[in-house]
Structure formats: C-alpha cells, structure tokens
C-alpha cells in the first residue's frame, strides 16, 4: 500500500495473478511466478549486496517456498508483505548456514597468529555465543537473534517467527536470563 491509501499497481497485478492462479488459471500462475521472480531478485539483491552470487539461489528457494505455502496466503492482506516474510526466512536460513559454515571452517589463526588478537577474540566470542544460543529452545533463541543480534523490532520479529509480540518479548527476557545462568554455570 502507498501512503495515500492506493494500492501499488505491481502489488495489485501480482495479487490478482496469484488469486487467479489459485483458482486454477495456470497461465496466470505462470505469469505470477515470472513477475514475482523479478520482484524477489531486486528485493534480495538489495539485501545481499555483499553476496551477489547467492541471490539467484535464494530467489529459487523463495519461489519454491512461496509455491509450497501458496495455500496460506490471505487475499485480504498485502501480497508483498507475505512474500517478503517468506523471503526473509530464506535469507535468515542462508545467513545461518553461512555463519555455521564459517564457524566450522574457521582458519587456524591461533597457530599462525596472522590476525590481530582483537579479531581472534571477536571470533571466539561469536563462536561461544553461537554455542550458547544453540542450547536455548527456539522460542527463546529466535527472538534474541532477530532483536538483539540483527536489530529487528518486536513487531518484525513477531512477523518473521510467527510468534505474538508478547511471546517475542517473553522469549527475549527468558532467553537472556537463561544465557546469563549458562554463563554463570560455565564460569
């Protein structure tokens, strides 16, 4: 929606193509997927400026997820908000996979002392935090990751995780409390 209350023409076109496709109009659904892939490519390219090689794979993963979840779309809601939420989940999955791979393939800086001690300490802190976060239940870990590490708002985190805003706040509170207890116990 634009600020004036009018619907964006490309939003409405995509929405109509999807609705027609859901009703069995195969050419409309094909057009929806083609138009949506261009929209997603632009959307993800802005968010993955430092990882341009990942854009096309993420577009395809998002399209597949949207296709598989098409029955969950509420025609009364803005289509792009629904699409962007799915694409963000896929983006977060990608970033988690990369972070996990980076942690697993962490170079042996300690042996060669090529990096500064600050870089090494930061890497160790990230690795330690990752290990602690893995011990938390998802309902606590995800709100902490989204709000405290990625800087998202309560509303954005609720939308991404499918949790209520109050559940997100409770998850952060309880998760931070549990992390503090873990750190005390490990020390």
Query raised in the report: When both residues are 6+ apart or on different chains and their Cβ atoms are under 9 Å apart, which pairs have a first residue that lies in the stretch 131-152 and is more than 14 Å from residue 95 (Cβ to Cβ), and a second that is at pLDDT 85 or above and assigned to a loop (DSSP other than H, G, I, E, B)?
Result: 139/163; 141/135; 143/163; 144/136; 147/153
Query - Residues being surrounded by fewer than 13 Cβ atoms within 10 Å (Cβ to Cβ) and not in a helix (DSSP H, G or I) - total across the stretch 40-68 - result: 2
Query raised in the report: With respect to the numbered conditions (1) within 20 Å of residue 160 (Cα to Cα); (2) touching a helix residue (DSSP H, G or I) at 6+ places or on another chain (Cβ under 7 Å); (3) surrounded by fewer than 17 Cβ atoms within 10 Å (Cβ to Cβ), which one is the sole condition not fulfilled by residue 37?
Result: (1)
Query raised in the report: Is it the case that residue 9 is surrounded by fewer than 15 Cβ atoms within 10 Å (Cβ to Cβ) and more than 18 Å from the chain's Cα centre (by Cα)?
Result: yes
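The values are calculated or read from the model by the stated rules, or taken from the named source; none is laboratory data. Just so it is clear, the structure is predicted and the values come from calculations on it, not from any experiment. Note that we place each Cβ from the backbone using ideal geometry, even for glycine, and neighbour counts take in every protein chain shown.
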